[in-house]
Amino acid sequence: MTPLVGPPPGPALRTGGLVLAAGAGSRMGHRPKCLLQLDGLSLLERQLQALSLAGVIPIQVVLGHHAERILQEGALARWAAQPVRNPQPDDGHVSSLRIGLRALPPELDAVVVALADQPLINAQAVLALLQAFAQRPVGTQMLQPSVKGLPGNPVVFSSTVMKQILESGADMGARQWQKAHPQSVYHWEIPHVHYRLDVDNEADRQAVEQLTGQSLCWPHDLNR
């Protein structure tokens, strides 16, 4: 049996959050898909709510395309999340990740990196991730949920990983770090499909409706 890291003595891990929301939404009509609403809340607000209620603080949200419209929605202000801009969002997730990590305080113990368009992540899902990370196998530094062998999100990694990513070249992100350090990644097998589900296109939107019985709706100004 793989030895596990016990819960840390004293205070809980100081865990910051990073939400990636810089994409163009090209497969959703070039609209900010994080503003799709489920049960009256945008996907972005649901993610910020989940992280905040799980005790993740501070939270940085990386914006790029649609930044002004996303800020107008007000979720960042309501949950005391801080925006950080990616001036070149088309460079992809790695550039957004690195910009976001630089904006977080270096004294954190761990970082949760979440996508802004995961509709079914709630506080319980984040708490389960954090507990699994605290009890991860000895020698591992990154946790990725795994559903039937397929990678999910959010991911959690230590301050050591954060430092190594930022000290590496511009092409080093979380996925590249995993490939370079496979023995240091804990693939946390979990049956819950919500760790796998994000909304990239209409098929994903329909999958959410089938799972929840509720429709994902655009705000009025984006409903075209």
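The stretch between GLU68 and ALA80, if pulled fully straight at 0.36 nm per residue, gains 2.6 nm over its current Cα-Cα span.
Using the 1.4 Å probe convention, the accessible area of the chain works out to 48 Å² per residue with neighbouring protein chains retained.
On the accessible surface of the chain, probed at 1.4 Å, how many percent belong to carbon and sulfur atoms? Ligands and nucleic acids excluded, carbon and sulfur give 53 percent. Considering only ASN122, PRO145, ALA75, the residue lying farthest towards the positive end of the dipole of the range 66-189 is PRO145, judged by Cα position with unit charges set on Cβ. A simple charge model with +1 on the Cβ of Lys and Arg, -1 on the Cβ of Asp and Glu and nothing else charged puts the dipole of the chain at about 220 debye relative to its Cα centre. Under 5 Å from the amide H of TYR186 lie the amide H atoms of GLN141, MET142, LEU143, GLN144, each residue being 5 or more positions distant or on a separate chain, with H modelled from the backbone and absent for Pro and chain starts. If you take the Cα centroid of the range 181-224 and the Cα centroid of the range 80-102, the two points sit 21 Å apart. Could you tell me how many degrees, from 0 to 90 and to the nearest 10, lie between the Cα long axis of helix 123-134 and the main elongation axis, the longest principal axis, of the Cα atoms of the chain? With rounding to tens, the tilt is 20 degrees.
Within the range 138-169, find all residues whose amide N lies under 14 Å from a label point positioned 7 Å from the Cα of LEU13 along Cα-to-beta-carbon. Taking a point 7 Å out along Cα→Cβ of LEU13, the residues of the range 138-169 whose backbone N falls under 14 Å are 138-145, 154-163.
Once the Cα atoms are used to define both axes, helix 93-103 deviates from the longest principal axis of the chain by about 70 degrees.
The values are calculated or read from the model by the stated rules, or taken from the named source; none is laboratory data. Since the structure is predicted, the reported quantities are computational estimates derived from the model, not experimental observations. Glycine gets a Cβ as well: all are built from the backbone with ideal geometry, and neighbour counts include every protein chain shown. Accessible surface is based on the protein model in full, side chains and every heavy atom, while ligands, DNA and RNA are left aside. Shrake-Rupley method; radii C 1.70, N 1.55, O 1.52, S 1.80 Å.
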